[in-house]
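Note sheet for the following structure.
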Amino acid sequence: MLCAGLWVATKKIDYTWRWNRVPQYFVYVDEALISAPFDARVASLQRSGGTTIIKLTGEDGEEKTFEVDNDSLKVSENEELFQGDYLGSTSVWRFGPLMVGLWNTLWISAASSVIGLIIGLITGLCRVSKNPTLRSLSVAYIELIRGTPLLVQLFIFYFFLGTVLDISRILAGISALAIFAGAYVAEIIRAGIQSIPKGQMEAARSLGMSVTQAMTHIILPQAFKRTLPPLAGQFISLIKDSSLVSVIAITDLTKSGREVITSTFATFEIWFVVAFLYLLLTSVLSQVISWVERRLAISD
Amino acid sequence: MIKTVDLKKSFVGRGQTVYAVDGVSAHIEPGEVVVIIGPSGSGKSTFLRCLNGLETFTSGHIMIDGVDLASKKTDLNLVRREVGMVFQQFNLFPHKTVLENIILAQQVVRKRTRDEAEKKARQLLKKVGIAEKENEYPIRLSGGQQQRVAIARALAMDPKIMLFDEPTSALDPEMVGEVLEVMKQLALEGMTMVVVTHEMGFAREVADRVLFMDQGKLVEEGTPEHFFTAPREERAKAFLKQVL
């Protein structure tokens, strides 16, 4: 029903679907034409697999070899060539902008997730510590980050910090995302730690463990297990939020999509494809986390 | 072994200061089994928790094996490894198997090797009678079995003193016996034990001395025969009338 409705609606505005244009933006064949660099004679042709090695000898005895695809071979042995004559071409499979964008989005999200998790863990621990300075510092950080829009933070990181500290746009983007995620992760970790019954800490301390030992061996492993579902949500959000880095001209999936649209005008198709690619990333992450959850559930 | 001098612990709530432990002076000899009884809210658990530093006390002194807990120089972690504690709610580590529960602190605190710790753990599990459960997670054990694991876990640290905070109060009645049996065994082996309990039978049979606490004060102390048959204090008489 929905699909039929959409079809009718697009028919009405005379939109021509061109799905066939999409695949080339994932991978494409890059053909490079090779021409003779100087007047020369073809000294020898040697086939090796799918390519032919051409050996040229110039008038002054200069020698040079080239490799071209067999079916593109334009010269024969002992043929006299002038500078600029085509010898043939080579073709290489290359990733198109959508794949490059997907890859950038993937590693930017991964890097900022890991850094965000570390920041969040440290801040979360400060948040529950007895030290009032650490506690109020972490509260200030969390409030500051949670209370301002990520888009604005990105601009501040890129235009202000990026200029003042001379950091690259990628670094600015990743740190803005990581610091943003860290604030939310910190609250999740704090909730996790506080959800562990007090008796666990007491039991660990009564066995002579220090606070640090009790945290690392007893409290955090249990808290981690409980916080996995909200952490998963947070990191899925982070993948989606990473689309905002396109505003500081990082070529992530969203920006690649926009670039492709400017050259194809296949607006509808590309946005659907971009959405699907985000969905792909987030559902893989979901699956991985639910697998970890099942692994950890053995002690339940 | 344990000596408390005028121990006080106060809580401040709603502008009032409440003394949970109000001037308790007690002396516990090595190898002695002391049972603390009293109505709920009498401060017996708080007193026990002060003995291994889980509660900080307001004033007074606690000497454990000659070390003063009130002194700022005392490293509580060093004291705690000599003082085992068993809790009402067992407090086993749910993410670790029975064996790992007993091994962890031995490795982390006592710096024993894995082999040593495992050997010790198996030996203790055998002693408390659940050797076959070593690879189970705590959640799959009955309350009585969990409490016996908790006792084994505390014993694995080779403590000089064992504290029991109502170890049978969270158990189904039919499981109380198995835990008390382990504790009796421990008493016979000469462990210094301080037990907060409502099990009068245990107090009568095993205790060398009974302390009766009410409203944070140590009201009466004496041998079980004396305490259960001829208590001096009115408060103790009234309490015994209720529970016996």
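The values are calculated or read from the model by the stated rules, or taken from the named source; none is laboratory data. Everything numeric in this text was worked out from a predicted model, so none of it was measured. Backbone-built Cβ (ideal geometry, glycine too); neighbour counts: all protein chains shown. For the accessible areas, the whole protein counts, side chains as well, though only heavy atoms, and no ligand, DNA or RNA atoms are used. Shrake-Rupley method; radii C 1.70, N 1.55, O 1.52, S 1.80 Å.
Contact map, the stretch B:73-84: residues that are at the interface with chain A (Cβ under 8 Å from one of its Cβ atoms) paired with residues that are assigned to a helix (DSSP H, G or I) and open to solvent by less than 50 Å² (accessible area, probe 1.4 Å), Cβ distance under 6 Å, separation 6+ or inter-chain. Pairs shown: B:Arg80/A:Ser206; B:Gly84/B:Ala154. Looking at the structure I just gave you, is A:Met209 within 14 Å of another protein chain (Cβ to nearest Cβ), open to solvent by 10 Å² or more (accessible area, probe 1.4 Å), out of contact with any Pro (no Cβ under 7 Å at 6 or more places or on another chain) and closer than 30 Å to B:Thr74 by Cα? Criteria not met by A:Met209. Residues that are in contact with a Leu (Cβ under 7 Å, 6 or more places away or on another chain) and open to solvent by less than 70 Å² (accessible area, probe 1.4 Å) within the stretch A:279-300 comprise A:Leu281, A:Ile289, A:Val292, listed in sequence order. Of the residues A:Ser263, A:Ser243, the single one that is in a helix (DSSP H, G or I), among the hydroxyl-bearing types (Ser, Thr, Tyr) and out of contact with any Ser or Thr (no Cβ under 9 Å at 6 or more places or on another chain) is A:Ser263.
Determine which member of the set B:Thr17, B:Thr46 is open to solvent by 40 Å² or more (accessible area, probe 1.4 Å) and among the hydroxyl-bearing types (Ser, Thr, Tyr). Exactly one residue qualifies, and that residue is B:Thr17. Residues considered: A:Ile193, A:Ile174, A:Ile170, A:Ile218. Of these, the only one that is more than 10 Å from every other protein chain (Cβ to nearest Cβ) and under 30 Å from B:Gln106 (Cα atoms) is A:Ile193.
Here A:Gly120, A:Gly124, A:Gly116, A:Gly101 are screened, and the one residue that is out of contact with any Leu (no Cβ under 9 Å at 6 or more places or on another chain), open to solvent by less than 10 Å² (accessible area, probe 1.4 Å) and in contact (Cβ under 8 Å) with a residue 40 or more places away in the chain is A:Gly124. For the stretch A:14-24, the criterion of being among the charged types (D, E, K, R), loosely packed, with under 10 Cβ neighbours inside 10 Å and without any contact (Cβ under 8 Å) to a residue 40 or more places away in the chain is satisfied by at least one residue. Kindly check whether there is at least one residue in the stretch B:120-142 that is closer than 22 Å to B:Leu78 by Cβ, open to solvent by 10 Å² or more (accessible area, probe 1.4 Å) and touching a strand residue (DSSP E or B) at 6+ places or on another chain (Cβ under 9 Å). Scanning the stretch B:120-142 turns up no residue that is closer than 22 Å to B:Leu78 by Cβ, open to solvent by 10 Å² or more (accessible area, probe 1.4 Å) and touching a strand residue (DSSP E or B) at 6+ places or on another chain (Cβ under 9 Å).
Hey, among B:Leu188, B:Leu163, B:Leu180, which residue is open to solvent by less than 10 Å² (accessible area, probe 1.4 Å) and either out of contact with any His (no Cβ under 6 Å at 6 or more places or on another chain) or within 12 Å of chain A (Cβ to nearest Cβ) (or both)?
The unique qualifying residue is B:Leu163.
Taken together, the residues in the stretch A:145-169 that are among the hydroxyl-bearing types (Ser, Thr, Tyr) and within 13 Å of A:Phe180 (Cβ to Cβ) amount to 1.
Within the option set A:Ser243, A:Ser299, A:Ser256, A:Ser237, being within 14 Å of chain B (Cβ to nearest Cβ) and touching a Phe, Trp or Tyr at 6+ places or on another chain (Cβ under 9 Å) holds for one residue only, A:Ser299.
Please indicate, with yes or no, whether at least one residue in the stretch B:85-105 is in contact with a Phe, Trp or Tyr (Cβ under 9 Å, 6 or more places away or on another chain), within 11 Å of another protein chain (Cβ to nearest Cβ), under 14 Å from B:Ile2 (Cβ atoms) and buried (at least 22 other Cβ atoms within 10 Å of the Cβ). Checked against the condition, which is being in contact with a Phe, Trp or Tyr (Cβ under 9 Å, 6 or more places away or on another chain), within 11 Å of another protein chain (Cβ to nearest Cβ), under 14 Å from B:Ile2 (Cβ atoms) and buried (at least 22 other Cβ atoms within 10 Å of the Cβ), the stretch B:85-105 yields at least one hit. Among the helices (runs of 4 or more DSSP H) confined to the stretch B:137-244, the ones with at least 3 residues that are under 20 Å from A:Glu202 (Cα atoms) are located at B:143-155. Scanning the stretch A:184-206 for residues that are surrounded by 21 or more Cβ atoms within 10 Å (Cβ to Cβ) and small (Gly, Ala, Ser) turns up A:Ala186, A:Gly192, A:Ala203, A:Ala204, A:Ser206.
Here the condition is being closer than 17 Å to A:Leu117 by Cα and either part of a helix (DSSP H, G or I) or touching a residue at least 60 places away in the same chain (Cβ under 8 Å) (or both); of A:Phe235, A:Phe268, A:Phe276, it holds for A:Phe235 alone.
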